[in-house]
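Note sheet for the following structure.
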Amino acid sequence: MPKVQQRRAVLENILKGLGYDESDIIPIRPDLSMDETDKQFYNVDTFGGWEYVKKDCIERTKLDEFFAIADNQSIIIQVDTLEINQNQSLNQKPQKPNNPNYAQELKEYAQTLRQSVIDIINEWLQNHYQEKLLYAICIEEMESWILTIYTKKDTLHAANPKETLKYVLKGKLSVGDKRSYKEISKPFRKMKKLLLYSKLNDSLQAFIESVSSKR
């Protein structure tokens, strides 16, 4: 599951920037090799991919098992909204041509879309574990978060973030390569820089604020 591994690499760098250690992080997906004893030593759990999220939330087995031994810990759910919009209609993205209110409408669209995703997940979970979940919901693709490092401007407006990132990096990005994503998102490991980058993307900022509130 290369895409999930790429996202994991980026999330790890963000969490390190927020003061978490390597040993604090264990993914439910894609690595399912940890047993229940191992999980006791970790305090952040992650899983991602829309279909995996749906399956795991409806079944709740993995969440129940994790919280049975780590009741005071949190789980991060990561979702790219592009995956969702390809499968179901949520919120209509505003149109840019001849629209003087486009910037504000786009900001409101992103906020509404993020909350819609959270509401869907809570419905699948029948509102269990709401206070224990953190949401890394990327509007369009996680590459829009990484773009904040390289464009130094608001990346909410980026059309096709993955292709834009490839262009900006001029071939340095290898699709499917976790190591490449870990390297290009490494600046997130510095808290001061991370907080500056977060001001360039509302969904990144929302995630950082939610994680920081749990410390």
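Values in this text are rule-based calculations from the coordinates and carry no lab data. The structure presented is a predicted model; accordingly, all values stated were derived computationally and were not measured. FYI the Cβ positions are ideal-geometry reconstructions off the backbone, even for glycines, and counts take in every protein chain you see.
Protection proxy ranking for 140-147, 128-135, using the average of other Cβ atoms within 10 Å per residue and placing the highest first: 140-147, 128-135.
Expected output is a single nm value to one decimal: the length gained when fully extending between Ser212 and Thr61, i.e. 0.36 nm times separation in residues minus the C-alpha distance. What is it?
Length gained between Ser212 and Thr61: 51.7 nm.
Over 29 Å between Cα atoms, which of Lys62/Lys214; Lys162/Lys192; Lys62/Lys107; Lys96/Lys153 qualify? Beyond 29 Å between Cα atoms: Lys62/Lys107. Give, as a single signed number, the net charge of other residues whose beta carbon lies under 12 Å from the beta carbon of Glu141, with Lys and Arg counted +1 and Asp and Glu -1. Once all neighbours under 12 Å are counted, the net charge is -1. On full extension, the segment bounded by Thr112 and Lys193 gains 26.5 nm, given 0.36 nm per residue less the C-alpha separation.
Taking the average, over residues, of other Cβ atoms within 10 Å as the packing measure, peptides 10-18, 108-116, 195-203 rank 10-18, 195-203, 108-116 from highest down.
Between amide H atoms placed 1.01 Å from N, distances below 5 Å from Ala136 occur with Ile77, Gln78, Val79, all of them 5 or more places distant or on a separate chain. Sorting the segments 181-190, 92-101, 66-75 by their residues' average number of neighbouring beta-carbon atoms within 10 angstrom, most packed first, yields 181-190, 66-75, 92-101. When +1 charges are put on Lys and Arg Cβ atoms and -1 charges on Asp and Glu Cβ atoms, the dipole computed for the range 102-155 relative to its Cα centre reaches about 220 debye.
Which net charge results for the neighbourhood of Leu200, defined as the other residues with beta-carbon distances under 11 angstrom from its beta-carbon, given Lys and Arg at +1 and Asp and Glu at -1? For residues surrounding Leu200, the net value is +1.
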